[in-house]
Amino acid sequence: MRNYILFLLCLCVLPIGNLCAQDPLTFDVGDFQVSVLSDGGQNAGTELLKGASPGALKKYLPEGTFPLQIQAFLLRTPNQKILVDAGVGTNLVKNLKYFEVGDQDINIILLTHMHGDHIGGLLRDGKKAFPNAELYLSKAEYDYWTGEKERGVDAQKVLTAYKDKLHIFTPSELGKAATPIIPGIKAVAAYGHTPGHTAFLLESGKAQLLLWGDVAHAMPIQMPLPEVTLSFDSNPKQAVQTRKSILEYVAKNKIRVAGAHIPFPAIGHIAVGKEGYDFIPTCACEGY
Ligand SMILES: [Zn+2]
């Protein structure tokens, strides 16, 4: 219902005659069509958060919860169909069908990291759900999930299923010159939430979009207070450093962001706020 209301709000503010993308879930970023694939979510309790004072919790999350939605993203060019993460898998097939994309059509999968809410859609009946897809993963993330057997049975199943299609890369530091891992997409180190957590910078002409994965989970409080962490950050200190650096960088350079846990429509820009930062959602058809 909330998504539907947001969708209506987006439609309401559209100027008549605006050059629109094809549908309310798709944004043009240069030559890329970026579609948000909503995989559900729920309200999460503040007990998941660390480093927030009782006063801050009351101020920013007065109801004692925050929306924790899950989004994956489909990137389409004339030649490629790319998935950025795969959600838990609940709605993935249905969402791709909406865009007339079949399992066979996905060429590339970029993983921000290997938590279950990002890789759940990659297997079906224990086999790879996307038989033609090349799977891209950072070296630090690969090393983490293959380092100790007790870590992530599901991650290891995914890595085994896609082992002949696996591309391991080393992301660049934010703002440093980087070679695209595939045309138009650079990998940016965003370590902390997991040891190899990666953001992907989409560049096409003058348009840019940073798909930041799990740089933030609790938007209402982590934007004004980026030092607030989540109980399942593997290195909270590093996660805070990453969040602060990325927020500063995208605000300064006016780069739009898309996030796996940013509430729908999950794309927007960051501005310096009265306290910390503000997230301003982008409506479909607004363009870049
Ligand atoms: Zn996540």
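The values are calculated or read from the model by the stated rules, or taken from the named source; none is laboratory data. Quantities reported herein were computed from a predicted structural model and do not represent experimental measurements. Here the Cβ is made from the backbone with ideal geometry for all residues, glycine too, and neighbour counts use every protein chain on show.
Listed here are the residues, each with its yes/no results for (1) within 30 Å of Gln208 (Cβ to Cβ); (2) surrounded by 14 or more Cβ atoms within 10 Å (Cβ to Cβ); (3) of a type in the set (Val, Ile, Thr).
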site	(1), (2), (3)
His118	yes, yes, no
Leu123	no, yes, no
Phe130	yes, yes, no
Glu141	yes, yes, no
Tyr144	yes, yes, no
Val158	yes, yes, yes
Asp164	no, no, no
Pro171	yes, yes, no
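Within segment 111-126, residues that are closer than 16 Å to Glu141 by Cα have Cβ atoms under 8 Å from residues that are within 14 Å of the ligand (Cβ to nearest atom) and of a type in the set (Phe, Trp, Tyr) in these pairs: Thr112/Trp212; His115/Phe232, counting only partners at least 6 apart in sequence or on another chain.
Report yes if some residue within segment 74-82 is within 23 Å of Phe200 (Cβ to Cβ), of a type in the set (Ser, Thr, Tyr) and out of contact with any Phe, Trp or Tyr (no Cβ under 7 Å at 6 or more places or on another chain); otherwise report no. Scanning segment 74-82 turns up no residue that is within 23 Å of Phe200 (Cβ to Cβ), of a type in the set (Ser, Thr, Tyr) and out of contact with any Phe, Trp or Tyr (no Cβ under 7 Å at 6 or more places or on another chain). Inside segment 220-250, residues that are within 13 Å of the ligand (Cβ to nearest atom) and of a type in the set (A, V, I, L, M) make up a count of 2. Scanning segment 100-159 for residues that are at pLDDT 95 or above, within 15 Å of the ligand (Cβ to nearest atom) and in a loop (DSSP other than H, G, I, E, B) returns Leu111, Thr112, His113, Met114, His115. The set of residues in segment 66-92 that are within 29 Å of Gly45 (Cα to Cα) and surrounded by fewer than 17 Cβ atoms within 10 Å (Cβ to Cβ) contains only Thr90.
Please enumerate the residues belonging to segment 264-276 that are in contact with a Leu (Cβ under 8 Å, 6 or more places away or on another chain) and either within 16 Å of the ligand (Cβ to nearest atom) or among the basic types (Lys, Arg) (or both). Answer for segment 264-276, where residues must be in contact with a Leu (Cβ under 8 Å, 6 or more places away or on another chain) and either within 16 Å of the ligand (Cβ to nearest atom) or among the basic types (Lys, Arg) (or both): just Phe264.
Let's see how each residue does on (1) within 17 Å of the chain's Cα centre (by Cα); (2) at pLDDT 95 or above; (3) crowded, with 20+ Cβ neighbours inside 10 Å:
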{"position": "Ala218", "(1), (2), (3)": "yes, yes, yes"}
{"position": "Asp233", "(1), (2), (3)": "yes, yes, yes"}
{"position": "Ala260", "(1), (2), (3)": "yes, yes, yes"}
{"position": "Ala266", "(1), (2), (3)": "yes, no, yes"}
{"position": "Val272", "(1), (2), (3)": "no, yes, no"}
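From the residues in segment 251-263 that are touching a His at 6+ places or on another chain (Cβ under 9 Å) and more than 16 Å from the ligand (Cβ to nearest atom), which one is nearest to Gly213 (Cα to Cα)? Among residues in segment 251-263 that are touching a His at 6+ places or on another chain (Cβ under 9 Å) and more than 16 Å from the ligand (Cβ to nearest atom), the one nearest to Gly213 (Cα to Cα) is Arg256. Touching a Phe, Trp or Tyr at 6+ places or on another chain (Cβ under 9 Å), among the hydrophobic types (A, V, I, L, M, F, W, C) and crowded, with 24+ Cβ neighbours inside 10 Å: is that true of Leu225 in this structure? Spelling it out, it is not the case that Leu225 is touching a Phe, Trp or Tyr at 6+ places or on another chain (Cβ under 9 Å), among the hydrophobic types (A, V, I, L, M, F, W, C) and crowded, with 24+ Cβ neighbours inside 10 Å. Of all the criteria given as (1) crowded, with 23+ Cβ neighbours inside 10 Å; (2) more than 23 Å from Gln33 (Cα to Cα), the one not satisfied by Leu210 is (2). Which of the residues that make up segment 57-99 are part of a helix (DSSP H, G or I) and charged (D, E, K, R)? Lys58, Lys59, Lys94, Lys97, listed by residue number.
Applying the criterion of being under 21 Å from Val36 (Cα atoms) and not small (Gly, Ala, Ser) to the residues of segment 197-207, the residue that is nearest to the ligand (Cβ to nearest atom) is His197.
Please determine whether any residue of segment 188-196 is more than 13 Å from the ligand (Cβ to nearest atom), in a strand (DSSP E or B), β-branched (Val, Ile, Thr) and under 19 Å from Leu135 (Cα atoms). Checked segment 188-196: at least one residue is more than 13 Å from the ligand (Cβ to nearest atom), in a strand (DSSP E or B), β-branched (Val, Ile, Thr) and under 19 Å from Leu135 (Cα atoms).
Output the residues belonging to segment 52-82 that are within 15 Å of the ligand (Cβ to nearest atom) and either hydrophobic (A, V, I, L, M, F, W, C) or modelled with pLDDT of 95 or more (or both). Hits for segment 52-82 are Phe66, Leu68, Ile70, Ala72, Phe73.
Note on segment 220-288: enclosed strands (runs of 3 or more DSSP E) holding 1 or more residues that are touching a residue at least 60 places away in the same chain (Cβ under 8 Å), closer than 26 Å to Phe27 by Cβ and β-branched (Val, Ile, Thr) are 267-272. Within segment 83-99, being at negative phi and within 16 Å of the ligand (Cβ to nearest atom) holds for Leu83, Val84, Ala86, Val88, Thr90, Asn91, Leu92.
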